[in-house]
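Notes for the one structure printed next.
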Amino acid sequence: MSVVLVVEDEPAIAELIALTLHHAGHEVQRAEDAVQAQAAIDRALPDLVLLDWMLPGESGLQLARRWRADARTRGLSIIMLTARAQEADKVAGLDAGADDYLAKPFSPKELLARMRAVLRRKAPQAADEALQVGPLRLEPATHRVFCVREGEAEAAIELRLGPTEFRLLRFFMAHAQRVHTRAQLLDRVWGDHVFIEERTVDVHIKRLREALAAADCAALVETVRGVGYRLVDGSAGG
């Protein structure tokens, strides 16, 4: 399941897209203009944005450019949706930072296929692919985690994590900056077939922070009051 932000000001089109995505198993968030879209992005980063070009006020093109210029949102997966089907328009959309461009009208099957392709390209799917977020580096192939501060390459600290904490950190690093509820973490890290209480997540978060504290990295796992947890890169306060 992916979290998809649909930025579309035409209610009928937005509803059709939302139904298509719900039926395909995705979690859908909706915004009708640039202000609502930016507010949603500020709350938590989605896995993918379906972004209409023609929006009231600030255009989707301007939004895409702004997100690509911001370090926090630079890696957003964006598919531009528009009735403008000329080649010059497509080039403009891609130049603004869209990963793909879909001209209206489009079929639900084509939309889902384009989404799968973009998510596949962006996701760190390879089992051996190392992940780096701020000073943290996780190596799945060797099951090792290091904290390396800039300018201190020779002083890398290896962290000792239990199996569950390792899986939890790996998920956080693969979805950095995203806020996750306890229920989402149970589903993604433990699997929805495992019947354990949501408060169990808090126990493992505590253990993860204790392990990260050995390298003064515990603060990278943030509590978002009333929502859940997220991993930040440590470059700014969250």
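The values are calculated or read from the model by the stated rules, or taken from the named source; none is laboratory data. Because the structure is a prediction, the values reported are computed rather than measured. So basically every Cβ, Gly included, is an ideal-geometry build from the backbone, and we count neighbours across all protein chains shown.
Report whether or not residue 65 is outside any loop (DSSP other than H, G, I, E, B) and in contact with a Gly (Cβ under 8 Å, 6 or more places away or on another chain). Spelling it out, residue 65 is indeed outside any loop (DSSP other than H, G, I, E, B) and in contact with a Gly (Cβ under 8 Å, 6 or more places away or on another chain).
Just one of the numbered conditions (1) surrounded by 20 or more Cβ atoms within 10 Å (Cβ to Cβ); (2) more than 30 Å from residue 232 (Cβ to Cβ) is not true of residue 103: (1).
Here the range 98-121 is the region considered, the condition is being closer than 16 Å to residue 5 by Cα and among the acidic types (Asp, Glu), and the residue that is nearest to the chain's Cα centre (by Cα) is 99. Any chance the range 82-92 includes a residue that's assigned to a loop (DSSP other than H, G, I, E, B), touching a residue at least 40 places away in the same chain (Cβ under 8 Å) and out of contact with any Gly (no Cβ under 6 Å at 6 or more places or on another chain)? No, the range 82-92 contains no residue that is assigned to a loop (DSSP other than H, G, I, E, B), touching a residue at least 40 places away in the same chain (Cβ under 8 Å) and out of contact with any Gly (no Cβ under 6 Å at 6 or more places or on another chain). Residues of the range 166-190 that are part of a helix (DSSP H, G or I) and among the β-branched types (Val, Ile, Thr): 189 alone.
State all residues of the range 150-159 that are over 17 Å from residue 130 (Cα atoms) and either modelled with pLDDT of 90 or more or assigned to a loop (DSSP other than H, G, I, E, B) (or both); if no residue qualifies, say none. Let's see the steps before the verdict.
Taking the range 150-159 as the starting set, the residues that turn out to be over 17 Å from residue 130 (Cα atoms) are 150-152, 154-155.
Hits for the range 150-159 are 150, 151, 152.
Taking the criterion of being surrounded by fewer than 20 Cβ atoms within 10 Å (Cβ to Cβ) and under 23 Å from residue 129 (Cα atoms), would at least one residue in the range 193-202 satisfy it? Checked the range 193-202: no residue is surrounded by fewer than 20 Cβ atoms within 10 Å (Cβ to Cβ) and under 23 Å from residue 129 (Cα atoms). Take the residues in the range 66-100 that are of a type in the set (A, V, I, L, M) and closer than 26 Å to residue 22 by Cα; name whichever of them is surrounded by the most Cβ atoms within 10 Å (Cβ to Cβ). The qualifying residue surrounded by the most Cβ atoms within 10 Å (Cβ to Cβ) is 80.
Of note, residue 38 satisfies the criterion of being at pLDDT 90 or above and either surrounded by 14 or more Cβ atoms within 10 Å (Cβ to Cβ) or assigned by TED's automatic domain parsing to the domain that holds residue 14 (or both). Pick from the range 9-42 the residues that are under 17 Å from residue 60 (Cβ atoms) and β-branched (Val, Ile, Thr): which of them is farthest from the chain's Cα centre (by Cα)? Ranking the candidates gives 13 first.
Residues in the range 59-97 that are more than 19 Å from residue 8 (Cα to Cα), more than 17 Å from the chain's Cα centre (by Cα) and of a type outside the set (A, V, I, L, M): 86, 87, 95. Residue pairs whose Cβ atoms lie under 8 Å apart, sitting 6 or more positions apart in sequence or on different chains, and linking a residue in the range 198-217 that is in contact (Cβ under 8 Å) with a residue 40 or more places away in the chain to a partner that is loosely packed, with under 13 Cβ neighbours inside 10 Å, are 207/162; 211/160; 211/162; 214/160.
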